[in-house]
Amino acid sequence: MTRAVALIDGNSFYCSCERVFDPKLDRVPVVVLSNNDGCAIARTSEAKALGIKMGTPYFQIREMCRSQGVRVFSSNYTLYGDMSRRTNEVYRGFAPRVEIYSIDESFLDLSDVREGERVELARDLRATVRAWTGIPTCVGIGPTKTLAKLANHIAKSVPELGGVCDLTDDAASAYWLCRVHVGEVWGIGRASLAKLEAMGVDSVADLRDLDPRPVRKAMTVVGERLIYELRGLPCLPFEALPATRKGCAVTRSFSSRITDRARLEEAVSAHCTRLGEKLRREGLGTDHVTVFYHTSEHDRGEPMRSISTTVRLPEASNDTLTLIKAARHGVARTWLDQRDPPWRYSKAGVITVDLVPLAMSQRALIGQLDRERSGPLMAAMDACNARFGRGAVVPARAGLVAKRDWSTKFEMRSPRYTTQVGELPVAVA
DNA sequence: TCTGGGGTCCTAGGACCC
DNA sequence: TCTGGGGTCCTAGGACCC
């Protein structure tokens, strides 16, 4: 039995999530914005047709959106995350192993499905996901992940295929790889594309047929693997079990510039609060916190100032109060008294790497008392926030996040239809 | 004039992804 | 006025060790 893997993803996923709960959005251009309503990160086909590109700053297209009737939304990650969970539940009914690759993409192991039945299964899967969650999808099938990704791209861009493309079929593979540009291959970015074009590569087939050795020289082992994957030799394993994360970061741009230390400390403390939540949810801890803050590269005429400092903790922890204390120390020891005109900081964040399962890192005795207090306190805080919504209980130093003038903008966010009782959609019968 | 060799660990930076 | 956030992997080069 040959290996076969499918990649299924939601079409314009964030936009589709908005459409599920508002039928008036059907056939209308829809755009979803990044944090702070900064730039466009999801567009329906109607919005793409208007020339709205991925990553376009919103202020550049605001007028056009208004005049063209584009419906614009702030990101609603609570909603999108829940819809993602629902689609994956459907996938699990169709394949013995599912690898969740991103919020809107999953690999399915179809190795046990007979060759002639894969496309039919994929069509059934699409129809079921659509019926049960409302999300439209496309499916690409291939002998390797790279070919499945490519098949998915083809399924999306060639409407006649009905949303499914199967590259485990040799004839289909031979046909399509000559007709797709190499820049569409998963893992080929700007830098690699320039190198490949210099080598005379144009189509995916050109890359597939290249001698792997010089490619390894130019593009490291990553480029070499790509060639084998395109030839149908799997180099990227199927990973049904989610790997434990290696790092964790919480970073945000401010909705307006910050010039005073108290505000910065407040923001950094709020980020630490979130960081602690993420670490505790996964039972991980860290023995250091890196704090950074910087001015904006878009503020022309102002000199750029960028600060980053790492504060060690006496032992690994995921206690919010410990993280806040460390991060504030990081600010304190790097803060420069304001000059005239003042530095206008645009973004700050807290970062940790080398996360450890907390049970493993507990060195006996030292800090034991603090830990005994911190565990129940953090657990109580997490429980309150789970019940009453994030931010219901926060350390005083993190400030009342939602009320701060620097906090993230979400001026056009839709209701969290599926996760907040108070925001359920209302049906009038 | 000649100036070991190999291994590990760490970090910074590049590249890419969604 | 207004330009996202959060990850992963790989390599080169330095420090250090025997």
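Restricting the search to helices (runs of 4 or more DSSP H) fully inside segment A:259-361 and requiring at least 2 residues that are surrounded by 23 or more Cβ atoms within 10 Å (Cβ to Cβ) gives A:261-281, A:320-334.
Applying the condition of being under 21 Å from A:Leu110 (Cα atoms) and open to solvent by 80 Å² or more (accessible area, probe 1.4 Å) to segment A:232-256 and asking which residue is farthest from DNA strand C (Cβ to nearest atom) yields A:Leu233.
Scanning segment A:37-75 for residues being within 16 Å of DNA strand B (Cβ to nearest atom) and either of a type in the set (Val, Ile, Thr) or under 28 Å from A:Leu424 (Cα atoms) (or both) gives a total of 8. Entry remark, segment A:216-231: residues being within 16 Å of DNA strand C (Cβ to nearest atom), closer than 17 Å to A:Leu177 by Cβ and aliphatic (A, V, I, L, M) number 2 in total. Scanning segment A:87-107 for residues that are in contact (Cβ under 8 Å) with a residue 60 or more places away in the chain and away from DNA strand B (no atom under 16 Å from the Cβ), we see that the one that is surrounded by the fewest Cβ atoms within 10 Å (Cβ to Cβ) is A:Arg97. One residue stands out among those in segment A:96-116 that are β-branched (Val, Ile, Thr) and within 23 Å of the chain's Cα centre (by Cα): the one that is farthest from DNA strand C (Cβ to nearest atom), which is A:Val98. Residues of segment A:257-280 that are within 12 Å of DNA strand C (Cβ to nearest atom) and of a type in the set (Asp, Glu): A:Glu277 alone. Yes or no: A:Glu18 away from DNA strand B (no atom under 16 Å from the Cβ), acidic (Asp, Glu), surrounded by 20 or more Cβ atoms within 10 Å (Cβ to Cβ) and within 23 Å of A:Ala131 (Cβ to Cβ)? Yes. Selection of segment A:19-46 for residues being assigned to a helix (DSSP H, G or I) and away from DNA strand C (no atom under 16 Å from the Cβ) yields A:Arg19, A:Val20, A:Pro23, A:Lys24, A:Leu25, A:Ser45, A:Glu46.
Quick check: anything in segment A:203-215 within 26 Å of A:Ala122 (Cα to Cα), within 16 Å of DNA strand C (Cβ to nearest atom), of a type in the set (A, V, I, L, M, F, W, C) and under 31 Å from the mean Cα position of the chain (by Cα)? No, segment A:203-215 has no match at all.
The values are calculated or read from the model by the stated rules, or taken from the named source; none is laboratory data. In this text, all values refer to a predicted model and were calculated from it rather than measured experimentally. Note that we place each Cβ from the backbone using ideal geometry, even for glycine, and neighbour counts take in every protein chain shown. What goes into the accessible areas is simple: the full protein's heavy atoms, side chains included, and nothing from ligands, DNA or RNA. Shrake-Rupley method; radii C 1.70, N 1.55, O 1.52, S 1.80 Å.
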